[in-house]
Amino acid sequence: LRGLPLVGVNHLHAHIYAAALDRRATVFPCVSLVASGGHTSLFHSRSPIEHELLGATRDDAAGEAFDKAASLLGLSYPGGPAIDRAARAGNRKAVRFPRARLDPDALDFSFSGVKTAVLYHCRGQDGRTPRPMTERETSDVAAAFQEAVVEALTDRVMAAVERTGAERVAVGGGVAANSRLREELQNVTRRRGVELLLPPMKFCIDNGAMVAGLGWHLLKAGRTSDLWLDACPTAKGRA
């Protein structure tokens with residue numbers, strides 16, 4: 001009735017835009033990682049509204065793996081913050097959990113293997129026999145699991161930097177709040193001479209500001225939608 005435009009916003013692209021909130025410096029172009037409970041995707045982001053999908057998880061999302069590992073360890077939900085807290089008192093080298101071996105040229109992720117390894121470690125090979133663990137053992141497993149996930153994420157991000165020649169890396173999604181991931185990304189980007197763009201903690205979770213900000217850019221570019229707009233659970237190709 002009011003004749004207002006309808007703007008469809010891709011939720012994953014909005015998480016990328018979260019790194020631009022509260023920031024006056026240039027963000028794009030960049031390699032961008034969105035890691036959350038439902039998605040783990042890697043993009044070459046040429047502008048706020050132009051994103052090329054480089055890789056994605058082939059099974060579980062990183063955040064989903066955190067939730068499952070936390071549940072197996074008897075930690076609280078959501079699993080990401082719980083694992084992060086427990087891991088601070090743990091030894092990340094105490095257990096060697098597997099890293100997925102994908103095609104050498106692939107920029108995809110896989111977290112089902114490490115999730116299953118935690119299951120076997122905590123409940124035996126039948127997955128049904130919980131073994132008692134001390135608080136220290138729980139912290140060690142949390143730290144070792146977290147390290148496996150963080151290593152997979154940072155390795156693919158830096159492989160994407162090499163492939164695209166990007167000079168910036170942006171990270172979004174709930175897993176972007178993980179302290180070990182933020183620390184390791186700072187380390188690897190500093191060594192490579194790449195700028196790291198992390199959203200403030202308040203913008204890592206789902207929020208209206210990132211959707212509104214990206215929506216403004218889409219509207220400015222004339223990217224409006226009609227009333228046939230429908231929800232789509234995946235993000236493929238360019239925006």
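The values are calculated or read from the model by the stated rules, or taken from the named source; none is laboratory data. All values reported here derive from a predicted model rather than from experimental measurement. No Cβ is skipped: glycine too gets one built from the backbone with ideal geometry, and neighbour counts run over all protein chains shown. With ligands, DNA and RNA removed, areas are computed over all heavy atoms of the protein, side chains included. Shrake-Rupley method; radii C 1.70, N 1.55, O 1.52, S 1.80 Å.
Structure summary
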{"read-out": "Enumerated helices (runs of 4 or more DSSP H) restricted to segment 122-239, each holding at least 1 residues that are within 23 Å of Ala69 (Cβ to Cβ) and either of a type in the set (S, T, N, Q) or touching a helix residue (DSSP H, G or I) at 6+ places or on another chain (Cβ under 8 Å) (or both)", "value": "135-164, 179-192"}
{"read-out": "Single match in Gly213, Gly208, Gly193, Gly174 (criterion: touching a Ser or Thr at 6+ places or on another chain (Cβ under 7 Å) and not basic (Lys, Arg))", "value": "Gly174"}
{"read-out": "Condition met for His11 (open to solvent by 60 Å² or more (accessible area, probe 1.4 Å) and either over 16 Å from the mean Cα position of the chain (by Cα) or over 28 Å from Met133 (Cβ atoms) (or both))", "value": "yes"}
{"read-out": "In segment 37-60, the residues that are open to solvent by less than 20 Å² (accessible area, probe 1.4 Å), polar (S, T, N, Q) and within 11 Å of the chain's Cα centre (by Cα)", "value": "Thr40, Ser41"}
{"read-out": "Hits in segment 61-79 (condition: open to solvent by 20 Å² or more (accessible area, probe 1.4 Å), under 15 Å from Gly38 (Cα atoms) and touching a residue at least 40 places away in the same chain (Cβ under 8 Å))", "value": "Glu64, Lys68, Pro78"}
{"read-out": "Boolean, Asp126 is charged (D, E, K, R) and over 26 Å from Ser41 (Cβ atoms)", "value": "yes"}
{"read-out": "Count - residues of segment 85-94 that are buried (at least 21 other Cβ atoms within 10 Å of the Cβ) and touching a Ser or Thr at 6+ places or on another chain (Cβ under 6 Å)", "value": "2"}
{"read-out": "Looking only at segment 146-193, and only at residues there that are among the basic types (Lys, Arg) and crowded, with 20+ Cβ neighbours inside 10 Å, the one that is nearest to Leu33 (Cα to Cα)", "value": "Arg156"}
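Listed here are the residues, each with its yes/no results for (1) over 23 Å from Thr26 (Cβ atoms); (2) not β-branched (Val, Ile, Thr).
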{"residue": "Ala144", "(1), (2)": "yes, yes"}
{"residue": "Val149", "(1), (2)": "yes, no"}
{"residue": "Glu183", "(1), (2)": "yes, yes"}
{"residue": "Pro199", "(1), (2)": "no, yes"}
{"residue": "Trp216", "(1), (2)": "no, yes"}
{"residue": "Ala231", "(1), (2)": "yes, yes"}
